[in-house]
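None of the figures in this text is laboratory data; all of them are computed from the coordinates on show. Please read these numbers as outputs of a predicted model, since none were measured by experiment. Note that we place each Cβ from the backbone using ideal geometry, even for glycine, and neighbour counts take in every protein chain shown.
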Amino acid sequence: MRHAKRTDENHAEVRDGLRAQGYEVYDFSAVGGGVADLAVKISTTMSVWLEVKRDKKEKLTDKEVIFKMLWFDCYRVVTSVDEAVAAIEQTKIKFKEL
């Protein structure tokens with residue numbers, strides 16, 4: 001029997017804070033298997049994956065590391081709404097340059 005994945009206590013704050021600012025956010029936290037917690041649509045063809053952690057000291061699991069390796073250009077670890085917004089904006093800039 002599979003149990004529901006536990007989310008970090010700041011997960012809802014980050015997700016809801018981004019939505020309140022108008023971002024289109026998809027919550028993948030229940031998927032597990034290393035998949036990042038949130039996907040945020042930044043254009044019609046691009047999203048950024050956000051892994052929400054309680055603090056910067058918290059390490060990624062082995063499965064999260066593998067997922068990060070697959071999506072490194074559009075994957076960020078965040079601990080707050082402000083960090084999430086900054087990560088989204090940095091990703092937008094990076095992909096405009098390509």
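The table below gives the values:
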{"quantity": "Sequence-distant aspartates and glutamates (8 or more away, or on other chains) whose Cα lies within less than 16 Å of LYS57", "calculated": "ASP8, GLU9, GLU83"}
{"quantity": "Spin-label model distance (nm) - GLU89 vs ARG54, 7 Å beyond Cα toward Cβ", "calculated": "2.9"}
{"quantity": "0 to 90° range, to nearest 10: angle between helix 81-96 axis and the chain longest Cα axis", "calculated": "50"}
{"quantity": "Out-of-range pairs (alpha-carbon distance over 25 Å; input LYS59/LYS96; LYS56/LYS96; LYS41/LYS63)", "calculated": "LYS59/LYS96; LYS56/LYS96"}
{"quantity": "Translational diffusion coefficient (Stokes-Einstein; Kirkwood radius from C-alpha pairs) of segment 11-96 at 25 °C, 0.890 mPa s, in µm²/s", "calculated": "191"}
{"quantity": "Considering only segment 11-96, percent of DSSP beta bridges that pair antiparallel, nearest 5", "calculated": "65"}
{"quantity": "Net charge of neighbours whose Cβ lies under 10 Å from the Cβ of GLU64, counting Lys and Arg as +1 and Asp and Glu as -1", "calculated": "+1"}
{"quantity": "Potential extension, LYS63-GLU13 segment - 0.36 nm per residue separation minus Cα distance", "calculated": "15.6 nm"}
{"quantity": "3J(HN,Hα) from dihedral phi, segment 7-20, Karplus parametrisation 6.51/-1.76/1.60, rounded to Hz, x for glycine, proline", "calculated": "9, 5, 5, 8, 4, 4, 4, 5, 4, 5, x, 5, 4, 5"}
